[in-house]
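Shown next, in structure tokens, is the structure this report addresses.
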Amino acid sequence: TIGTRTAVIDAHSRVLLVRHSYVAGWLLPGGGVERGESIYAAAARELREEAAIVAEEDPHLFGVYLNDRQFRGDHVACFVVRRFQQETFQPNNEILEARFFAHDRLPDDASPGTRRRIEEILFERPIAHHW
């Protein structure tokens with residue numbers, strides 16, 4: 001399987017995270033790629049659905065990661081978006097919150113994979129091969 005996660009970075013270098021109703025912690029927005037859908041289209045769709053973010057640029061592919069620890073054979077395509085419009089977010093059955101955080105003020109329960117991606121993207125750390 002393949003999914004997406006996208007780091008949306010605002011003008012203040014803050015990163016958008018979402019909190020799901022069905023899994024603990026804060027994550028980069030994203031989800032599964034649907035049949036017949038490109039990973040780029042999936043990344044943009046998930047941003048709209050999960051966080052009311054409309055990308056004003058094609059998502060930039062940052063890296064592809066093996067996510068075998070959680071789902072055997074799963075891969076995650078991680079994207080970066082810096083130009084976007086933020087519409088009004090409404091909590092729903094899937095996403096309870098969507099907020100921007102400074103890299104040094106991430107919530108304590110931000111997932112380890114989320115923290116690693118933010119470090120790689122913002123501080124040009126070496127890219128890991130595993131999510």
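From (1) farther than 15 Å from V18 by Cα; (2) part of a helix (DSSP H, G or I), pick out the condition that doesn't hold for I127.
(2)
Can you tell me which residues in segment 28-54 are surrounded by fewer than 21 Cβ atoms within 10 Å (Cβ to Cβ), of a type outside the set (D, E, K, R) and not in a loop (DSSP other than H, G, I, E, B)?
G31, G32, I39, Y40, A41, V54
Suppose the filter is acidic (D, E) and touching a residue at least 12 places away in the same chain (Cβ under 8 Å); does E50 pass it?
Answer is yes for this residue.
If you go through segment 71-87 one residue at a time, do you hit one that is modelled with pLDDT of 95 or more, exposed (fewer than 14 other Cβ atoms within 10 Å of the Cβ) and either touching a Pro at 6+ places or on another chain (Cβ under 8 Å) or basic (K, R) (or both)?
Yes, that holds for at least one residue.
Exactly one condition in (1) open to solvent by less than 40 Å² (accessible area, probe 1.4 Å); (2) within 14 Å of the chain's Cα centre (by Cα); (3) over 20 Å from N93 (Cβ atoms) is false for H60; which is it?
Unmet for H60, out of (1) open to solvent by less than 40 Å² (accessible area, probe 1.4 Å); (2) within 14 Å of the chain's Cα centre (by Cα); (3) over 20 Å from N93 (Cβ atoms): (1).
For residues that are of a type in the set (G, A, S) and over 18 Å from R117 (Cα atoms), scanning just segment 10-23, find the one that is surrounded by the fewest Cβ atoms within 10 Å (Cβ to Cβ).
Looking at the filtered set, the residue picked out is A11.
So the check is Cβ under 6 Å with 6+ separation or different chains; which pairs have a first residue in segment 9-31 that's over 13 Å from F79 (Cα atoms) and a second one that's open to solvent by 60 Å² or more (accessible area, probe 1.4 Å) and part of a strand (DSSP E or B)?
From residues that are over 13 Å from F79 (Cα atoms), the pairs are R19/L96; S21/L96; W26/R19.
Conditions first: (1) of a type outside the set (V, I, T); (2) under 17 Å from T1 (Cα atoms); (3) surrounded by 11 or more Cβ atoms within 10 Å (Cβ to Cβ). H129 passes all but one, so which condition is the exception?
(3)
How about segment 24-50: which of its residues are of a type in the set (S, T, Y) and at pLDDT below 95?
Taking segment 24-50 first, the residues of a type in the set (S, T, Y) are 38, 40.
If the condition is that a residue be of a type in the set (S, T, Y) and at pLDDT below 95, then no residue fits.
The values are calculated or read from the model by the stated rules, or taken from the named source; none is laboratory data. Remember, predicted model here, so these are calculated numbers, not experimental data. Note: ideal-geometry Cβ built from the backbone for every residue, glycine included; neighbour counts use all protein chains shown. Please note that ligands, DNA and RNA were not included when accessible areas were found on the heavy atoms of the full protein model with its side chains. Shrake-Rupley method; radii C 1.70, N 1.55, O 1.52, S 1.80 Å.
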